[in-house]
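The values are calculated or read from the model by the stated rules, or taken from the named source; none is laboratory data. Since this is a predicted model, take the numbers as computed values, not measurements. Positions of Cβ are generated from backbone atoms using ideal geometry, with glycine treated the same way; all protein chains shown enter the neighbour counts.
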């Protein structure tokens, strides 16, 4: 269901909420949704108490699946030549091949699929009922491969329908491998998937987590799932790449815990003659200049402070909060808006202001109807500023404004988009580095309930404002709690005091490691 006016179920639910005489529990299967239309209207959503269900609670609650392995593998040459080094024909796998415009693409998506099929074994024809490709491996196993890349809509629709056949939902042998390009990401449900193999670096963490979600469904006999990213070897030293991968792993782990540490945090200020330098911010060579628009960076918090002439300042508390915390959500709604995308891409006579002012203005009015006109305009201006800066940074990373090709550092440049919180987390999530072809591979430590708990504790310890003395006192109470309950306090507990003890214990360990105690 959704808040779309055409959703009958959505209309019924809206009426039930308005009548206010029923208890309603609303659940969404993923906290990263690709839909432009929300499940609930914002004013209805505000009436609910939020309960978050993180990945370590999910893994703890599963009957079969208990671990998630993540690996980054690098190759040189054509990826299809190296794919069998990471693709196990005995595992149920979704392969996402690279976008045709990416560096990893071989230039012809149909030939890439043929190349993968040929690498797996000999082609034995097509199943007439499902449209699946039949491929016999050298070991004699018959693989059933669903090709969702083919542009022939009649073939692709038949394959897609066969994958959605409800009578086959619990049949593990229905299909072995799915090859997709833009499909089979968010909302695609195949419980037997053990391996999500993605070719080409994805700079969108939302997309990575959605792809990981394809493999993390619980199913009988499935105790382990894995996500593999096969990437063109970056033009950088191995230790720099290792550091970038570790930051990516920390960001993935944090996002599985629903911690918002994924994007640069911009703080925009209207440029006024009375402005002065903000303590803790570095304004570059020459320092703060009162005669120009300054950009400052705070190393500790990872925040950018950017002055803009004529920028409208938010007035109400809620508008200030939105500008500080919700800009990513506003931008996501805008870039997923079908009208905005279609007009932006295909309407040559489009005046850009029509999108940035009218369309985005309407999205903000719908999303935050409680704000007055001035605050809605302030939120719109802040969102456009953040979007423009991110786009410019991306353009520079991809090839500069002058279009000059740059070295392949997409991985390193992409990681720089993640917030400083991630880089400041003193956790090593890399298990080992293996030689791989002419390049190498970096394997993460297993993401299990236990390891995700450690990441959650590290994030909480970094975020907490406790003094070493307060942390020590809370750690003592945490030990007492353990003696009474037989377990340590949980960082994700619904009880605020238990959470505080867990934060204190984590902070105590960090302070101890830093030598803050005599």
Name the single residue, out of those in segment 286-314 being assigned to a loop (DSSP other than H, G, I, E, B) and at pLDDT below 80, that is surrounded by the fewest Cβ atoms within 10 Å (Cβ to Cβ).
300
Would you check which residues across segment 496-516 are closer than 23 Å to residue 55 by Cβ and more than 28 Å from the chain's Cα centre (by Cα) and list them?
498, 501, 505, 509
Give 69, 82, 20 a once-over and let me know the one that is at pLDDT 80 or above and assigned by TED's automatic domain parsing to the domain that holds residue 212.
69
Test residue 244 against the criterion of being modelled with pLDDT under 80, assigned by TED's automatic domain parsing to the domain that holds residue 205 and within 26 Å of residue 56 (Cα to Cα), and give yes or no.
yes
If you go through segment 407-427 one residue at a time, do you hit one that is within 30 Å of residue 61 (Cβ to Cβ), at pLDDT below 60 and not in a helix (DSSP H, G or I)?
yes
Across segment 163-181, the tally of residues that are over 16 Å from residue 113 (Cα atoms), at pLDDT 90 or above and surrounded by 14 or more Cβ atoms within 10 Å (Cβ to Cβ) stands at 3
Please find, within segment 486-495, the residue that is farthest from residue 458 (Cα to Cα) out of those that are within 27 Å of the chain's Cα centre (by Cα) and surrounded by fewer than 24 Cβ atoms within 10 Å (Cβ to Cβ).
494
What number goes with the only condition from (1) out of contact with any helix residue (DSSP H, G or I) (no Cβ under 6 Å at 6 or more places or on another chain); (2) in the same structural domain as residue 250 (by TED's automatic domain parsing); (3) within 30 Å of residue 64 (Cβ to Cβ) that residue 430 does not pass?
(1)
